[in-house]
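Engineer: Handing you this structure, nothing more for now.
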Amino acid sequence: MNEYVPFLSKSRFIKGMQCHKALWLQNHRPELKDEIGGDRQAIFDAGHTVGSLAQQMFPDGVEVPFDGVSLSEQIEMTRNLVASGTSTIFEAAFSYDNVFIKADILHMTSNGWHLGEVKASTDAKEHYINDIAVQYHVITGCGMPVEIASLVLIDTSYVRVGDIEPEKLFTWVDVTEEVLLRQEQIKAEIVRQRTMLKSDMPQIGIGPYCSNPYDCDYMGHCWAHVSSPSIFDFADLGKPDGFKYYKQGIINMKDVPRDSLGWRQQLQYDGTLHKKNVVDTDAIRKFIDSLWYPLAFMDFETTCMTPVPLFDGTRPFQSVPFQYSLHWSNSPKGKLNHCEFLGSIKGDPQKQFLTTLLDSIPENACVLTWNKGFEGKVLRALADRFPKYRKRIQSILDNMVDLMAPFRSKHIYHWQFEGSYSIKYVLPALIPELTYESLNISDGGTAAESWL
């Protein structure tokens with residue numbers, strides 16, 4: 001009787017390298033998997049877009065489909081394409097020793113087959129090399145010689161002009177040497193994973209690997225015993241390593257020695273466990289006295305950092321501002337005025353965003369923002385893009401005041417802030433009738449995805 005050999009795919013193998021327990025759960029208890037959130041789905045979608053653009057570098061390439069075709073049929077299609085002399089194959093399928101992989105790009109050069117793994121990233125990260133290393137193991141195991149193994153990454157120096165030019169958007173990073181050095185490690189890890197899959201669930205506790213390099217699909221299951229407030233809820237600069245306490249058997253925040261914490265975390269500790277608030281009235285008065293009229297309140301939204309530039313003149317992963325809200329008053333008892341901007345569906349909104357903003361902000365106004373580093377970065381980028389307006393932009397930058405400052409400095413701390421000074425925590429704690437919970441679009445990431 002033939003011994004049972006657990007099936008491994010590339011994605012399963014990479015999951016197993018991160019955590020054997022996660023791979024075991026996927027194989028034996030898939031119903032425990034967390035639901036895929038909108039943020040993760042957006043990452044998947046971006047990856048598909050980047051993969052399709054990479055294929056355009058080889059107009060004569062042939063793709064081996066995935067949907068509606070069995071794995072054995074995909075392997076047979078790949079074999080026939082190679083035999084027929086096809087020079088470029090997308091999503092080439094191979095299986096060796098019951099390990100199945102799909103190669104993003106397999107291209108025949110004068111020196112032999114060139115394996116390309118496409119990533120919507122700018123860096124040759126460690127887990128990317130493991131990804132292409134297991135592909136190399138399977139492909140060469142099938143008797144296909146691979147001369148070069150490369151990561152196909154995003155080149156941030158590329159500036160879009162007209163249609164996307166894939167040859168300029170991507171850069172090929174040769175990782176052949178690293179891939180060859182990892183072959184014995186890859187083989188040994190395959191054996192370890194197979195042995196593990198034929199046994200009972202590994203007794204692996206939670207650890208940093210739960211979210212590195214990827215958020216695990218089974219955190220809801222594995223972290224069910226950790227309830228808030230816990231050692232992992234500490235926030236802000238100087239927060240302790242939760243896993244250090246966890247290894248000592250400490251899970252609940254109340255069991256952490258208070259004196260072992262930094263002053264910021266002591267505020268959170270006292271606030272969370274004893275509902276203690278802090279108000280430094282002198283510091284708050286000094287902050288308020290630093291403001292002047294006209295007084296403006298400004299907030300921006302920008303796109304998520306997309307790997308593919310959206311508009312002419314933009315680079316990969318460059319945020320594009322598409323929405324602002326502006327309130328202002330000319331005197332303490334004056335009318336509170338408001339204007340807003342939302343980029344139209346077609347075209348680059350940046351110039352219109354900037355010009356309408358400049359037209360609306362009163363001259364020499366004190367401009368309050370929440371986290372002025374963000375709005376300041378956006379304005380400086382717009383000044384580089386539209387130097388004609390640099391002087392006016394600089395005047396706004398010079399007059400910006402960060403409303404977050406008293407909260408970041410803990411001059412105001414409410415126990416419901418939970419150690420954070422994000423407006424998502426501060427606003428409902430201080431003004432309960434104002435909350436984000438009822439909004440369909442309740443954060444910047446959702447706003448950016450919705451606008452895109």
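Engineer: At R0 = 41 Å, how high is the FRET efficiency between GLN266 and THR156 if r is their beta carbon distance? Nearest 0.05 is fine.
Structural biologist: It comes out at approximately 0.50.
Engineer: Here is a further query. Could you work out how much longer the chain between PHE66 and ASP398 gets when fully extended? Use 0.36 nm per residue separation minus the Cα distance between them, nm to one decimal.
Structural biologist: Length difference between fully extended and current span is 114.0 nm.
Engineer: Note down the accessible area of ARG380, probe 1.4 Å, to the nearest 10 Å².
Structural biologist: 120
Engineer: Could you work out how far apart the two model spin labels at ASP200 and GLU184 are, taking each label as a point 7 Å from the Cα in the direction of the beta carbon, and quote it in nm?
Structural biologist: Simple spin-label model gives 3.4 nm for this pair.
Engineer: With a cut-off of at most 12 other beta carbons within 10 Å, and DSSP calling the residue loop, which GluC sites (Glu not before Pro) in segment 6-66 qualify? Please list them.
Structural biologist: Sparse-neighbourhood loop GluC sites (Glu not before Pro): GLU35.
Engineer: State to the nearest 20 debye the size of the charge dipole of segment 193-332 about its Cα centre, where the only charges are +1 on K and R beta carbons and -1 on D and E beta carbons.
Structural biologist: Dipole size: approximately 420 debye.
Engineer: For the chain, give me the percentage of DSSP beta bridges that are antiparallel, rounded to the nearest 5 percent.
Structural biologist: In the chain, DSSP labels about 70 percent of beta bridges as antiparallel.
Engineer: Report the local net charge at THR86: Lys and Arg +1, Asp and Glu -1, summed over other residues whose C-beta lies under 15 Å from its C-beta.
Structural biologist: Spelling it out: positives minus negatives among the neighbours equals -3.
Engineer: OK, next. Just the number, please: percent antiparallel of the DSSP beta bridges in segment 83-214, rounded to the nearest 5.
Structural biologist: 75
Engineer: Could you check how much of the accessible area of the chain is carbon and sulfur, as a whole percent, using a 1.4 Å probe?
Structural biologist: That fraction is 52 percent.
Engineer: What does the charge count around SER409 come to, taking other residues whose C-beta lies under 12 Å from its C-beta (Lys +1, Arg +1, Asp -1, Glu -1)?
Structural biologist: Surrounding charge for SER409 is +1.
Engineer: Moving on to the next point. How would you classify the chain from its alpha-carbon gyration tensor, with a ≥ b ≥ c the square roots of the eigenvalues: rounded for a/c under 1.5, else prolate if a/b is greater than b/c, otherwise oblate?
Structural biologist: oblate
Engineer: Separate question: Mind ranking LYS424, LYS410, LYS391 by accessible surface for me, highest first, 1.4 Å probe?
Structural biologist: From most accessible down to least: LYS391, LYS424, LYS410.
Engineer: What whole-number value in Å² describes the accessible area per residue of the chain for a 1.4 Å probe?
Structural biologist: Heavy-atom accessible area per residue stands at 53 Å².
Engineer: Taking 0.36 nm per residue of separation and subtracting the Cα-Cα distance, what length does fully extending GLU363 through TRP172 add?
Structural biologist: Taking 0.36 nm per residue and subtracting the Cα distance, the gain is 63.8 nm.
Engineer: How big is the accessible area of LYS125 in square angstrom, nearest 10, if you roll a 1.4 angstrom probe over the protein chains?
Structural biologist: Solvent-accessible area, nearest 10 Å²: 80 Å².
Engineer: Report the paramagnetic label zone for HIS28: residues of segment 190-212 whose backbone N is under 15 Å from a point 7 Å from Cα along the Cα-to-Cβ axis.
Structural biologist: Correct set: 193-205.
Engineer: Would you kindly state how much longer the chain becomes between GLU340 and ASP45 on full extension, computed as 0.36 nm times their sequence separation minus their alpha carbon distance, in nm to one decimal?
Structural biologist: Extra length from GLU340 to ASP45 when fully extended: 103.2 nm.
Engineer: Chymotrypsin sites (Phe, Trp or Tyr not before Pro), restricted to segment 32-109: which are DSSP loop and have at most 16 other Cβ atoms within 10 Å?
Structural biologist: Listed in order of number, the matching sites are PHE66.
Engineer: Just add up the charged neighbours of ILE431: K/R +1, D/E -1, any other residue whose Cβ is under 15 Å from the Cβ of ILE431.
Structural biologist: Every neighbour counted, the sum reads -1.
The values are calculated or read from the model by the stated rules, or taken from the named source; none is laboratory data. Treat the numbers as computed from the prediction; the structure is a model and nothing was measured. With ideal geometry, Cβ positions are generated from the backbone for all residues, glycine too; neighbour counts draw on all protein chains shown. The protein model used for the area step is the full one, side chains on, heavy atoms only, and it has no ligands, DNA or RNA in it. Shrake-Rupley method; radii C 1.70, N 1.55, O 1.52, S 1.80 Å.
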